[in-house]
Amino acid sequence: MIKKLVLSALVLTSSLFASNEVNVYSHRHYDTDKKLFKIFEEKTGIKVNVVNAKASALIKRIESEGAKSPADVLITVDAGRLYQAKQKDILQAVNSDYLNENIPANLRDIDNKWYALTKRSRVALYKIGSGIESKLTTYEDLAKPEFKGQIMVRSSNNIYNQSLMAAMIAHHGEEYSLNWAKGVVANMAKAPKGNDRYQVKAVANGIGQIAIANTYYIGKMVDNKDASQREAVKKVKVLFPKFENGGTHINVSGAGVAKYSPNKDNAIKFIEFMASKEAQKLFAEGNYEYPVLEGVKASKLVSSWGTFEDDNISINTLGQNNKAAVKIFDKAGWK
Ligand code: FE2
(Lines give C-alpha, C1' and ligand atoms only; values in the text may rest on other atoms or scores of the structure.)
Protein backbone atom coordinates (compact mmCIF):
# COMPACT_ATOMS: atom_id res chain seq x y z
CA MET A 1 0.00 0.00 0.00
CA ILE A 2 2.75 2.43 0.98
CA LYS A 3 4.61 1.46 -2.16
CA LYS A 4 1.48 2.24 -4.19
CA LEU A 5 1.09 5.64 -2.55
CA VAL A 6 4.70 6.53 -3.22
CA LEU A 7 4.31 5.45 -6.81
CA SER A 8 1.19 7.50 -7.40
CA ALA A 9 2.85 10.49 -5.73
CA LEU A 10 5.69 10.11 -8.19
CA VAL A 11 3.29 9.91 -11.10
CA LEU A 12 1.48 12.99 -9.85
CA THR A 13 4.71 14.95 -9.56
CA SER A 14 5.76 13.96 -13.02
CA SER A 15 2.44 14.93 -14.57
CA LEU A 16 2.47 18.33 -12.82
CA PHE A 17 5.62 19.22 -14.72
CA ALA A 18 4.64 17.24 -17.77
CA SER A 19 5.51 19.83 -20.37
CA ASN A 20 9.03 20.41 -19.10
CA GLU A 21 10.49 16.97 -18.86
CA VAL A 22 11.07 13.65 -20.49
CA ASN A 23 11.54 10.42 -18.55
CA VAL A 24 14.05 8.16 -20.22
CA TYR A 25 14.44 4.52 -19.23
CA SER A 26 17.79 3.52 -20.66
CA HIS A 27 20.00 0.48 -20.77
CA ARG A 28 22.81 2.68 -22.12
CA HIS A 29 25.27 3.82 -19.51
CA TYR A 30 27.79 5.80 -21.53
CA ASP A 31 29.31 9.22 -20.87
CA THR A 32 28.38 10.17 -24.44
CA ASP A 33 24.71 9.76 -23.58
CA LYS A 34 25.06 11.97 -20.52
CA LYS A 35 26.59 14.67 -22.73
CA LEU A 36 23.78 14.30 -25.24
CA PHE A 37 21.10 14.61 -22.55
CA LYS A 38 22.72 17.83 -21.37
CA ILE A 39 22.84 19.30 -24.87
CA PHE A 40 19.18 18.36 -25.36
CA GLU A 41 18.25 20.04 -22.09
CA GLU A 42 20.12 23.22 -23.04
CA LYS A 43 18.56 23.35 -26.49
CA THR A 44 14.97 22.65 -25.55
CA GLY A 45 14.58 23.50 -21.87
CA ILE A 46 13.16 19.99 -21.42
CA LYS A 47 14.63 18.24 -18.40
CA VAL A 48 15.84 14.69 -19.01
CA ASN A 49 15.20 12.30 -16.09
CA VAL A 50 17.06 9.05 -16.54
CA VAL A 51 16.38 5.63 -15.08
CA ASN A 52 19.31 3.31 -15.81
CA ALA A 53 18.97 -0.47 -15.65
CA LYS A 54 19.22 -3.53 -17.84
CA ALA A 55 16.69 -3.62 -20.65
CA SER A 56 14.94 -6.69 -19.23
CA ALA A 57 14.43 -4.90 -15.88
CA LEU A 58 13.25 -1.70 -17.57
CA ILE A 59 10.76 -3.61 -19.72
CA LYS A 60 9.40 -5.41 -16.64
CA ARG A 61 9.16 -2.12 -14.78
CA ILE A 62 7.20 -0.39 -17.55
CA GLU A 63 4.92 -3.43 -17.75
CA SER A 64 4.20 -3.42 -14.04
CA GLU A 65 3.75 0.35 -13.89
CA GLY A 66 1.04 -0.04 -16.51
CA ALA A 67 -1.03 2.97 -17.56
CA LYS A 68 0.49 5.03 -14.73
CA SER A 69 4.04 4.56 -15.92
CA PRO A 70 6.03 7.80 -16.01
CA ALA A 71 8.26 6.33 -18.74
CA ASP A 72 8.35 8.37 -21.93
CA VAL A 73 11.22 6.74 -23.80
CA LEU A 74 12.78 3.29 -23.64
CA ILE A 75 16.35 2.93 -24.92
CA THR A 76 18.00 -0.46 -25.32
CA VAL A 77 21.30 -1.71 -26.74
CA ASP A 78 19.97 -4.51 -28.88
CA ALA A 79 17.29 -5.00 -31.53
CA GLY A 80 16.15 -8.21 -29.82
CA ARG A 81 15.16 -6.29 -26.69
CA LEU A 82 13.37 -3.59 -28.70
CA TYR A 83 11.39 -6.36 -30.34
CA GLN A 84 10.54 -7.85 -26.92
CA ALA A 85 9.33 -4.47 -25.71
CA LYS A 86 7.08 -4.18 -28.73
CA GLN A 87 5.71 -7.71 -28.22
CA LYS A 88 4.88 -6.86 -24.59
CA ASP A 89 2.88 -3.90 -25.90
CA ILE A 90 4.70 -1.24 -23.91
CA LEU A 91 5.60 0.95 -26.90
CA GLN A 92 3.48 3.13 -29.16
CA ALA A 93 3.78 3.99 -32.83
CA VAL A 94 5.35 7.34 -33.58
CA ASN A 95 4.49 9.65 -36.40
CA SER A 96 7.61 11.67 -37.10
CA ASP A 97 8.47 12.83 -40.61
CA TYR A 98 12.07 13.39 -39.54
CA LEU A 99 12.52 9.85 -38.22
CA ASN A 100 10.65 8.24 -41.09
CA GLU A 101 12.73 10.10 -43.65
CA ASN A 102 16.10 9.71 -41.97
CA ILE A 103 16.21 6.30 -40.29
CA PRO A 104 16.47 3.64 -43.01
CA ALA A 105 13.50 1.27 -43.15
CA ASN A 106 15.62 -1.78 -42.32
CA LEU A 107 16.77 -0.05 -39.11
CA ARG A 108 13.39 0.60 -37.57
CA ASP A 109 10.34 -1.29 -36.46
CA ILE A 110 7.88 -2.05 -39.25
CA ASP A 111 5.12 -0.32 -37.22
CA ASN A 112 7.32 2.64 -36.18
CA LYS A 113 7.34 1.56 -32.54
CA TRP A 114 11.12 1.90 -32.31
CA TYR A 115 13.99 3.42 -34.24
CA ALA A 116 17.67 2.55 -34.34
CA LEU A 117 19.96 5.31 -33.07
CA THR A 118 23.33 3.63 -33.61
CA LYS A 119 24.75 0.55 -35.27
CA ARG A 120 27.43 -1.81 -34.03
CA SER A 121 28.84 -4.81 -35.82
CA ARG A 122 29.77 -8.08 -34.17
CA VAL A 123 33.23 -8.92 -35.42
CA ALA A 124 36.16 -11.27 -34.94
CA LEU A 125 39.45 -10.11 -33.44
CA TYR A 126 42.52 -12.18 -34.13
CA LYS A 127 45.95 -12.21 -32.59
CA ILE A 128 48.44 -10.42 -34.82
CA GLY A 129 50.79 -12.99 -36.31
CA SER A 130 48.35 -15.90 -35.98
CA GLY A 131 47.56 -15.97 -39.70
CA ILE A 132 43.84 -16.22 -38.91
CA GLU A 133 43.05 -13.45 -41.39
CA SER A 134 43.83 -15.70 -44.36
CA LYS A 135 41.59 -18.52 -43.08
CA LEU A 136 38.55 -16.83 -41.63
CA THR A 137 36.17 -14.87 -43.86
CA THR A 138 32.66 -15.85 -42.81
CA TYR A 139 30.67 -16.45 -39.62
CA GLU A 140 30.00 -19.92 -41.00
CA ASP A 141 33.78 -20.53 -40.94
CA LEU A 142 33.82 -20.27 -37.14
CA ALA A 143 32.42 -23.82 -36.96
CA LYS A 144 35.21 -25.32 -39.07
CA PRO A 145 37.28 -27.97 -37.23
CA GLU A 146 40.49 -26.14 -38.18
CA PHE A 147 39.68 -23.55 -35.50
CA LYS A 148 39.51 -26.12 -32.70
CA GLY A 149 40.51 -24.64 -29.34
CA GLN A 150 40.83 -21.13 -30.79
CA ILE A 151 37.55 -19.30 -30.22
CA MET A 152 36.82 -17.03 -27.26
CA VAL A 153 33.18 -15.95 -27.03
CA ARG A 154 30.87 -15.00 -24.20
CA SER A 155 27.91 -17.00 -22.97
CA SER A 156 24.71 -17.58 -24.89
CA ASN A 157 22.52 -15.77 -22.39
CA ASN A 158 23.98 -12.59 -23.82
CA ILE A 159 21.62 -10.87 -26.24
CA TYR A 160 24.42 -9.92 -28.70
CA ASN A 161 25.12 -13.62 -29.27
CA GLN A 162 21.41 -14.40 -29.45
CA SER A 163 21.02 -11.79 -32.19
CA LEU A 164 23.99 -13.19 -34.10
CA MET A 165 22.36 -16.62 -33.91
CA ALA A 166 19.02 -15.09 -34.97
CA ALA A 167 20.76 -13.78 -38.07
CA MET A 168 22.32 -17.20 -38.72
CA ILE A 169 18.82 -18.72 -38.57
CA ALA A 170 17.54 -16.11 -41.01
CA HIS A 171 20.27 -17.07 -43.47
CA HIS A 172 20.37 -20.85 -43.09
CA GLY A 173 17.41 -22.14 -41.07
CA GLU A 174 17.40 -23.85 -37.67
CA GLU A 175 18.95 -27.20 -38.57
CA TYR A 176 22.06 -25.66 -40.10
CA SER A 177 22.31 -23.16 -37.25
CA LEU A 178 22.24 -25.92 -34.63
CA ASN A 179 25.11 -27.70 -36.35
CA TRP A 180 26.96 -24.40 -36.63
CA ALA A 181 26.52 -23.77 -32.90
CA LYS A 182 27.79 -27.27 -32.10
CA GLY A 183 30.84 -26.58 -34.27
CA VAL A 184 31.58 -23.30 -32.50
CA VAL A 185 31.19 -24.94 -29.07
CA ALA A 186 33.67 -27.62 -30.15
CA ASN A 187 36.09 -24.85 -31.18
CA MET A 188 35.93 -22.86 -27.95
CA ALA A 189 39.24 -22.23 -26.23
CA LYS A 190 37.45 -22.10 -22.86
CA ALA A 191 33.91 -22.41 -21.57
CA PRO A 192 32.14 -19.05 -22.07
CA LYS A 193 32.81 -16.52 -19.34
CA GLY A 194 33.15 -12.73 -19.10
CA ASN A 195 32.10 -9.92 -21.42
CA ASP A 196 33.27 -8.99 -24.91
CA ARG A 197 36.39 -7.19 -23.63
CA TYR A 198 37.33 -10.28 -21.62
CA GLN A 199 37.43 -12.33 -24.83
CA VAL A 200 39.71 -9.77 -26.50
CA LYS A 201 42.05 -9.73 -23.51
CA ALA A 202 42.18 -13.53 -23.46
CA VAL A 203 43.24 -13.69 -27.11
CA ALA A 204 45.82 -10.95 -26.54
CA ASN A 205 47.19 -13.11 -23.70
CA GLY A 206 47.42 -16.20 -25.87
CA ILE A 207 44.23 -17.98 -24.79
CA GLY A 208 42.61 -18.75 -28.14
CA GLN A 209 43.26 -16.88 -31.35
CA ILE A 210 39.84 -15.47 -32.27
CA ALA A 211 37.64 -13.30 -30.05
CA ILE A 212 34.06 -12.33 -30.88
CA ALA A 213 33.13 -8.80 -29.83
CA ASN A 214 31.11 -5.74 -30.71
CA THR A 215 33.04 -3.00 -32.47
CA TYR A 216 32.60 -0.15 -29.98
CA TYR A 217 34.34 -2.16 -27.26
CA ILE A 218 37.51 -2.07 -29.37
CA GLY A 219 37.34 1.71 -29.49
CA LYS A 220 36.76 1.84 -25.74
CA MET A 221 39.75 -0.42 -25.13
CA VAL A 222 42.02 1.78 -27.26
CA ASP A 223 40.77 4.87 -25.45
CA ASN A 224 41.00 3.62 -21.87
CA LYS A 225 42.57 4.70 -18.59
CA ASP A 226 43.36 1.07 -17.83
CA ALA A 227 46.74 0.19 -19.39
CA SER A 228 45.92 -3.53 -19.50
CA GLN A 229 43.07 -2.81 -21.92
CA ARG A 230 45.17 -0.49 -24.09
CA GLU A 231 48.00 -3.03 -24.24
CA ALA A 232 45.70 -5.98 -24.97
CA VAL A 233 44.03 -4.30 -27.90
CA LYS A 234 47.40 -3.53 -29.50
CA LYS A 235 47.99 -7.26 -29.93
CA VAL A 236 44.85 -7.92 -31.95
CA LYS A 237 43.28 -6.83 -35.23
CA VAL A 238 39.68 -6.47 -36.29
CA LEU A 239 38.32 -8.76 -38.97
CA PHE A 240 34.83 -8.22 -40.37
CA PRO A 241 33.36 -11.66 -41.09
CA LYS A 242 30.33 -11.80 -43.34
CA PHE A 243 27.60 -14.33 -43.89
CA GLU A 244 28.15 -16.55 -46.94
CA ASN A 245 25.11 -15.05 -48.61
CA GLY A 246 25.04 -11.68 -46.85
CA GLY A 247 27.14 -9.06 -45.11
CA THR A 248 28.60 -8.37 -41.68
CA HIS A 249 26.23 -8.84 -38.74
CA ILE A 250 25.02 -5.56 -37.36
CA ASN A 251 22.91 -4.84 -34.36
CA VAL A 252 21.42 -1.57 -33.16
CA SER A 253 20.88 0.49 -30.10
CA GLY A 254 17.51 2.16 -30.39
CA ALA A 255 14.60 3.93 -28.79
CA GLY A 256 10.82 3.86 -28.71
CA VAL A 257 8.10 5.95 -27.10
CA ALA A 258 6.43 4.22 -24.15
CA LYS A 259 2.77 3.29 -24.62
CA TYR A 260 1.51 5.51 -21.80
CA SER A 261 4.10 8.26 -22.18
CA PRO A 262 2.86 11.31 -20.21
CA ASN A 263 5.13 13.60 -22.26
CA LYS A 264 4.72 12.20 -25.74
CA ASP A 265 5.70 15.36 -27.65
CA ASN A 266 8.88 15.66 -25.62
CA ALA A 267 9.58 11.98 -26.14
CA ILE A 268 9.41 12.36 -29.91
CA LYS A 269 11.54 15.52 -29.78
CA PHE A 270 14.07 13.62 -27.71
CA ILE A 271 14.33 10.69 -30.14
CA GLU A 272 14.52 13.10 -33.10
CA PHE A 273 17.39 14.87 -31.37
CA MET A 274 19.20 11.57 -30.79
CA ALA A 275 18.90 10.95 -34.53
CA SER A 276 20.08 14.48 -35.42
CA LYS A 277 23.38 15.14 -37.13
CA GLU A 278 24.84 16.62 -33.95
CA ALA A 279 23.94 13.63 -31.78
CA GLN A 280 24.94 11.11 -34.42
CA LYS A 281 28.39 12.69 -34.64
CA LEU A 282 28.80 12.38 -30.89
CA PHE A 283 27.72 8.72 -30.89
CA ALA A 284 30.35 8.10 -33.56
CA GLU A 285 33.20 10.12 -32.03
CA GLY A 286 32.50 9.62 -28.34
CA ASN A 287 31.26 6.05 -28.21
CA TYR A 288 32.77 4.48 -31.35
CA GLU A 289 29.41 3.42 -32.73
CA TYR A 290 28.33 3.57 -36.36
CA PRO A 291 25.85 6.36 -37.02
CA VAL A 292 22.50 5.52 -38.60
CA LEU A 293 22.10 8.92 -40.23
CA GLU A 294 23.33 9.17 -43.79
CA GLY A 295 26.17 11.63 -44.24
CA VAL A 296 27.58 11.17 -40.73
CA LYS A 297 30.84 9.23 -40.76
CA ALA A 298 32.27 6.73 -38.33
CA SER A 299 35.16 8.03 -36.21
CA LYS A 300 38.71 8.01 -37.59
CA LEU A 301 39.70 5.15 -35.32
CA VAL A 302 36.67 3.03 -36.23
CA SER A 303 37.18 3.75 -39.95
CA SER A 304 40.81 2.63 -39.65
CA TRP A 305 39.66 -0.95 -39.00
CA GLY A 306 38.30 -1.19 -42.53
CA THR A 307 34.99 -1.15 -44.32
CA PHE A 308 32.28 -3.76 -44.63
CA GLU A 309 28.83 -4.22 -46.00
CA ASP A 310 25.94 -4.48 -43.55
CA ASP A 311 24.15 -7.80 -43.57
CA ASN A 312 21.09 -7.73 -45.80
CA ILE A 313 18.47 -9.04 -43.34
CA SER A 314 16.05 -6.64 -41.65
CA ILE A 315 16.96 -5.78 -38.08
CA ASN A 316 13.39 -6.85 -37.17
CA THR A 317 14.39 -10.45 -37.83
CA LEU A 318 16.76 -10.46 -34.85
CA GLY A 319 13.85 -10.22 -32.43
CA GLN A 320 11.60 -12.54 -34.40
CA ASN A 321 14.18 -15.34 -34.27
CA ASN A 322 15.29 -14.77 -30.68
CA LYS A 323 13.34 -17.64 -29.10
CA ALA A 324 14.58 -20.11 -31.71
CA ALA A 325 18.13 -18.84 -31.14
CA VAL A 326 17.95 -19.45 -27.39
CA LYS A 327 16.65 -23.00 -27.98
CA ILE A 328 19.49 -23.77 -30.38
CA PHE A 329 22.11 -22.54 -27.92
CA ASP A 330 20.66 -24.85 -25.26
CA LYS A 331 20.63 -27.82 -27.59
CA ALA A 332 24.18 -27.15 -28.73
CA GLY A 333 25.49 -26.90 -25.16
CA TRP A 334 26.69 -23.28 -25.60
CA LYS A 335 26.72 -22.21 -21.97
FE1 FE2 B 1 27.55 -3.49 -25.03
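For region 110-136, the candidate set comprises residues that are farther than 29 Å from I210 by Cα, in a loop (DSSP other than H, G, I, E, B) and in contact with a strand residue (DSSP E or B) (Cβ under 7 Å, 6 or more places away or on another chain); within that set, the residue that is farthest from the ligand (Cβ to nearest atom) is K113. Number of residues in region 306-335 that are farther than 15 Å from S155 by Cβ and not in a helix (DSSP H, G or I) equals 11. Considered as a group, the residues in region 21-48 that are closer than 26 Å to R81 by Cα and among the polar types (S, T, N, Q) include one that is surrounded by the fewest Cβ atoms within 10 Å (Cβ to Cβ), and that residue is T32. Look at (1) more than 16 Å from the ligand (Cβ to nearest atom); (2) of a type outside the set (D, E); (3) buried (at least 19 other Cβ atoms within 10 Å of the Cβ) and you find that Q162 fails only one, number (1). Please tell me if P104 is within 30 Å of K281 (Cα to Cα) and open to solvent by 20 Å² or more (accessible area, probe 1.4 Å). Yes, satisfied.
Residue-by-condition table, conditions (1) touching a strand residue (DSSP E or B) at 6+ places or on another chain (Cβ under 7 Å); (2) within 20 Å of V123 (Cβ to Cβ); (3) of a type in the set (V, I, T):
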site	(1), (2), (3)
V222	no, yes, yes
K225	no, no, no
S228	no, no, no
K242	yes, yes, no
G247	yes, yes, no
P262	no, no, no
N266	yes, no, no
M274	yes, no, no
Q280	yes, no, no
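Restricting region 137-153 to residues that are outside any helix (DSSP H, G or I) and surrounded by 21 or more Cβ atoms within 10 Å (Cβ to Cβ) leaves a set whose member that is nearest to the ligand (Cβ to nearest atom) is V153.
Determine the pairs where a residue that is farther than 18 Å from A211 by Cβ, located within region 152-176, has a partner that is open to solvent by less than 40 Å² (accessible area, probe 1.4 Å) and hydroxyl-bearing (S, T, Y) with Cβ atoms under 6 Å apart, the partner being 6 or more residues away or on another chain. Close Cβ pairs (under 6 Å, with a partner that is open to solvent by less than 40 Å² (accessible area, probe 1.4 Å) and hydroxyl-bearing (S, T, Y)) amount to M168/S177; I169/S177; A170/T317. Taking S253, is it modelled with pLDDT under 95 and within 25 Å of S155 (Cα to Cα)? Here the answer is no, as S253 does not meet what is asked.
The criterion of at least 3 residues that are closer than 30 Å to A67 by Cα and within 16 Å of the ligand (Cβ to nearest atom) is met, among strands (runs of 3 or more DSSP E) falling completely within region 170-275, by 250-258. In region 60-83, the residue that is surrounded by the most Cβ atoms within 10 Å (Cβ to Cβ) out of those that are more than 16 Å from the ligand (Cβ to nearest atom) and closer than 24 Å to V292 by Cα is L74.
The residue of region 276-305 that is most open to solvent (accessible area, probe 1.4 Å), among those that are assigned to a loop (DSSP other than H, G, I, E, B) and touching a residue at least 24 places away in the same chain (Cβ under 8 Å), is E294. Suppose the filter is modelled with pLDDT of 95 or more, part of a helix (DSSP H, G or I) and not charged (D, E, K, R); does I75 pass it? Spelling it out, it is not the case that I75 is modelled with pLDDT of 95 or more, part of a helix (DSSP H, G or I) and not charged (D, E, K, R).
The values are calculated or read from the model by the stated rules, or taken from the named source; none is laboratory data. Bear in mind that the values here come from a model prediction, so they are computed numbers and not experimental data. Cβ atoms come from the backbone with ideal geometry, glycine included; neighbour counts cover every protein chain shown. Calculation scope for accessible area: heavy atoms of the full protein, side chains included, ligands and nucleic acids excluded. Shrake-Rupley method; radii C 1.70, N 1.55, O 1.52, S 1.80 Å.
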